[in-house]
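*Asks:* The following block contains the structure, expressed as structure tokens.
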Amino acid sequence: MTKTQLIKPRIREILSRELPEELVKILPKHWVRIGDVLILPIRPELEPYRHRIAEVYAEVLGVKTVLRKGRIGGEFRETNYEILYGNDTVTVHVENGVKYKLDVARIMFSPANVKERVRMARVARPGELVVDMFAGIGHLSLPMAVHGKARVIAIEKSPYTFRFLVENIELNRVQDRMTAYNLDNRDFPGEDIADRVIMGYVVTTHEFIPKALSIAKDGAVIHYHNTVPERLMPDEPFRTFRDIAREHGCEAEKLNELVIKRYAPGVWHVVVDVRVFKK
């Protein structure tokens with residue numbers, strides 16, 4: 001029997017003494033745990049009891065804080081969660097041997113992207129120079145520095161998120177090969193320097209393709225993320241990347257394409273690995 005299967009009966013046992021039977025049946029069956037912070041989806045019917053429900057989940061699961069699932073949006077992909085239990089939303093999440101310190105209430109971290117973070121640890125090569133244009137807390141580039149022994153330039157525009165990026169570089173003891181810059185990546189001065197570029201952003205990532213091309217060396221690999229309506233797949237998002245590259249005197253070769261997760265109904269978060277050639 002799995003841990004989750006043991007947890008659910010214990011939660012139901014406690015709350016069945018306090019909630020009507022019909023509400024016990026609709027208690028959350030799934031949750032997201034990031035470090036010792038829990039993100040819990042609460043249905044409207046459970047609204048009057050949400051704080052007590054959160055308290056029980058926290059006690060049974062052994063977490064310090066419970067947040068109600070909210071929306072992610074804005075330029076910095078910030079979360080908008082309601083605190084249901086506890087008050088400390090900063091935690092350290094350990095995944096694949098990498099430590100990620102973050103404020104779960106304000107900074108997006110998707111456990112559903114774990115396969116891509118693990119993949120980045122495998123594709124990086126010792127000594128190659130990686131430029132992470134949308135570094136966040138180091139979601140994708142920390143695994144490259146920790147496991148791949150790559151040299152990393154991590155660029156993050158949000159001052160608040162940048163604080164955690166710097167802490168994570170120190171936490172993972174990769175200061176010797178990972179440098180962080182708190183600026184808009186379009187203001188980054190480096191040109192023709194990167195063996196590999198990470199574009200881990202969505203919705204408007206195509207607007208940054210010209211900058212990625214200027215940072216990349218001839219023959220570099222760019223990991224291009226974006227959101228794509230299902231009706232435009234599989235041609236997109238590579239077609240847009242290729243067309244913009246040609247406008248800037250470059251050719252693009254698709255090496256690999258992966259679906260990360262569903263972003264919205266009929267829309268997918270996709271990553272394409274592209275090798276670029278400069279004329």
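*Asks:* Would you say ALA154 is touching a strand residue (DSSP E or B) at 6+ places or on another chain (Cβ under 8 Å), at pLDDT below 95 and not charged (D, E, K, R)? I'd like the intermediate steps shown before the answer.
*Replies:* Numbers: touching a strand residue (DSSP E or B) at 6+ places or on another chain (Cβ under 8 Å): yes; at pLDDT below 95: no; not charged (D, E, K, R): yes.
Criteria not met by ALA154.
*Asks:* Let me ask something else. Test of understanding: among ARG151, ARG173, ARG177, which residue is among the basic types (Lys, Arg), open to solvent by less than 70 Å² (accessible area, probe 1.4 Å) and more than 17 Å from the chain's Cα centre (by Cα)?
*Replies:* On the way: ARG151 fails: open to solvent by less than 70 Å² (accessible area, probe 1.4 Å); ARG173 fails: open to solvent by less than 70 Å² (accessible area, probe 1.4 Å).
Within the list ARG151, ARG173, ARG177, the selection yields ARG177.
*Asks:* If you don't mind, there's one more thing I want to ask. Under 9 Å by Cβ, and 6 or more places apart or on different chains, what pairs join a residue from segment 264-276 that is acidic (Asp, Glu) with one that is open to solvent by 10 Å² or more (accessible area, probe 1.4 Å) and part of a strand (DSSP E or B)?
*Replies:* ASP273/VAL221; ASP273/LYS254; ASP273/LEU255; ASP273/ASN256; ASP273/GLU257; ASP273/LEU258
*Asks:* So the check is Cβ under 7 Å with 6+ separation or different chains; which pairs have a first residue in segment 172-201 that's within 25 Å of TYR160 (Cβ to Cβ) and in a loop (DSSP other than H, G, I, E, B) and a second one that's of a type outside the set (Lys, Arg) and modelled with pLDDT under 95?
*Replies:* Filtered contacts from segment 172-201: no entries.
*Asks:* To continue, here is another question. Take THR91 and tell me if it is surrounded by 13 or more Cβ atoms within 10 Å (Cβ to Cβ), modelled with pLDDT of 95 or more and among the polar types (S, T, N, Q). Don't jump to the end; show me each part of the working.
*Replies:* Details: surrounded by 13 or more Cβ atoms within 10 Å (Cβ to Cβ): yes; modelled with pLDDT of 95 or more: yes; among the polar types (S, T, N, Q): yes.
Spelling it out, THR91 is indeed surrounded by 13 or more Cβ atoms within 10 Å (Cβ to Cβ), modelled with pLDDT of 95 or more and among the polar types (S, T, N, Q).
*Asks:* On to the next question. Take PHE164 and tell me if it is touching a residue at least 12 places away in the same chain (Cβ under 8 Å), touching a Leu at 6+ places or on another chain (Cβ under 6 Å) and either farther than 22 Å from VAL272 by Cα or basic (Lys, Arg) (or both). Give the steps one after another, and end with the answer.
*Replies:* Numbers: touching a residue at least 12 places away in the same chain (Cβ under 8 Å): yes; touching a Leu at 6+ places or on another chain (Cβ under 6 Å): yes; either farther than 22 Å from VAL272 by Cα or basic (Lys, Arg) (or both): yes.
Spelling it out, PHE164 is indeed touching a residue at least 12 places away in the same chain (Cβ under 8 Å), touching a Leu at 6+ places or on another chain (Cβ under 6 Å) and either farther than 22 Å from VAL272 by Cα or basic (Lys, Arg) (or both).
*Asks:* Suppose we filter segment 221-265 for residues that are surrounded by 15 or more Cβ atoms within 10 Å (Cβ to Cβ), more than 23 Å from the chain's Cα centre (by Cα) and of a type in the set (A, V, I, L, M); how many remain?
*Replies:* 3
*Asks:* What helices (runs of 4 or more DSSP H) lie completely within segment 1-78 and have 2 or more residues being open to solvent by less than 80 Å² (accessible area, probe 1.4 Å), modelled with pLDDT of 90 or more and β-branched (Val, Ile, Thr)?
*Replies:* Working: elements: 3-15, 21-24, 50-61.
Of the helices (runs of 4 or more DSSP H) lying wholly inside segment 1-78, those with at least 2 residues that are open to solvent by less than 80 Å² (accessible area, probe 1.4 Å), modelled with pLDDT of 90 or more and β-branched (Val, Ile, Thr) span 3-15, 50-61.
*Asks:* Now a separate question. Only one of these is surrounded by fewer than 19 Cβ atoms within 10 Å (Cβ to Cβ), over 12 Å from the mean Cα position of the chain (by Cα) and under 23 Å from THR89 (Cα atoms): ARG106, ARG119. Name it. Walk me through how you get there before you give the answer.
*Replies:* On the way: ARG119 fails: under 23 Å from THR89 (Cα atoms).
Result of the check over ARG106, ARG119: ARG106.
Yes/no per residue for (1) of a type in the set (Gly, Ala, Ser); (2) under 21 Å from THR205 (Cα atoms); (3) free of Cβ contacts under 8 Å to residues at least 60 places away in the same chain; (4) part of a helix (DSSP H, G or I):
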{"site": "ILE107", "(1), (2), (3), (4)": "no, yes, yes, no"}
{"site": "ARG117", "(1), (2), (3), (4)": "no, yes, yes, yes"}
{"site": "ARG122", "(1), (2), (3), (4)": "no, no, yes, yes"}
{"site": "GLY138", "(1), (2), (3), (4)": "yes, yes, yes, no"}
{"site": "ALA145", "(1), (2), (3), (4)": "yes, no, yes, yes"}
{"site": "GLY148", "(1), (2), (3), (4)": "yes, no, yes, no"}
{"site": "VAL152", "(1), (2), (3), (4)": "no, yes, yes, no"}
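*Asks:* Could you tell me whether any residue of segment 254-270 is within 16 Å of LYS211 (Cβ to Cβ), of a type outside the set (Asp, Glu) and in a strand (DSSP E or B)? Show your work before the answer.
*Replies:* Step one: of segment 254-270, the residues within 16 Å of LYS211 (Cβ to Cβ) are none.
The answer is no, given that none of the residues of segment 254-270 is within 16 Å of LYS211 (Cβ to Cβ), of a type outside the set (Asp, Glu) and in a strand (DSSP E or B).
*Asks:* Return yes when LYS99 is modelled with pLDDT of 95 or more and of a type in the set (D, E, K, R) and no when it is not. Let's see the steps before the verdict.
*Replies:* Working: modelled with pLDDT of 95 or more: yes; of a type in the set (D, E, K, R): yes.
Considered against the rule, which asks whether it is modelled with pLDDT of 95 or more and of a type in the set (D, E, K, R), LYS99 comes out as yes.
The values are calculated or read from the model by the stated rules, or taken from the named source; none is laboratory data. Not measured: the values here are computed from a predicted model. Here the Cβ is made from the backbone with ideal geometry for all residues, glycine too, and neighbour counts use every protein chain on show. Heavy atoms of the whole protein, side chains included, go into the accessibility calculation; ligands, DNA and RNA do not. Shrake-Rupley method; radii C 1.70, N 1.55, O 1.52, S 1.80 Å.
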